[in-house]
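Here's the structure, in structure tokens; my notes come after.
Every read-out reported here was derived from the displayed coordinates using simple, explicitly stated rules and does not represent laboratory data. If you're wondering where the values come from, they're calculated on a predicted model, not measured in any experiment. A quick note on method: Cβ atoms are made from the backbone with ideal geometry, for glycine too, and the neighbour counts reach across all protein chains shown.
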Amino acid sequence: MAKQRKDWLGAWLAALTGGGWTLYILLLILFHYGRPEQHYGYLRYLEVEVRTGWLTLPTLWFHLGIWGALGLAVTTFTLVHLKGRRHSQYLKVYLVMLAAAALFTLLLFYFYPA
């Protein structure tokens, strides 16, 4: 029986995929923190001041991070495709979902109501 070699490239690609999803979750938290606050009726009733503009620094980091997550997803997808092993093809599904989620989030960011 032949001894199996360690597939360090497959482990590295899986780690990149997991890292991309972790980055995306952290960026969603940053998006929530940096966006304008909702002016609910209860806050109006209590006359509470509400921030109506985006925070500059979290918005910049969110914007750069989402583009980075999209680039990471596309690059890792290309590497998985070029690797061509059958047992690591499941990563393609997760990477396509990450790219679609990042694109949807970018569209939400660009078309967020003022």
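If you compute Kirkwood radius over Cα pairs in Å for the structure shown, which of (1) 16.4; (2) 15.8; (3) 14.6 do you land on?
(1)
Mind checking the full-extension length gain between Tyr112 and Trp8? Use 0.36 nm per residue of separation minus the Cα-Cα distance, one decimal, nm.
33.3 nm
Quick check for me: using +1 on Lys/Arg Cβ and -1 on Asp/Glu Cβ, what's the dipole size of the chain about its Cα centre, in debye to the nearest 20?
Here the chain has a charge dipole of around 840 debye.
Set Lys and Arg Cβ to +1 and Asp and Glu Cβ to -1, take the dipole of region 9-110 about its Cα centre, and tell me which of Leu30, Tyr94, Val80 lies farthest positive.
Toward the positive end, the furthest listed residue is Val80.
Please report the net charge: other residues with Cβ closer than 12 Å to the Cβ of His39, K and R +1, D and E -1.
Cβ neighbours under 12 Å give a net charge of -1.
Simple spin-label model, 7 Å along Cα-to-Cβ: Ala100 to Arg85 in nm?
Going by the 7 Å Cα→Cβ label model, 2.6 nm.
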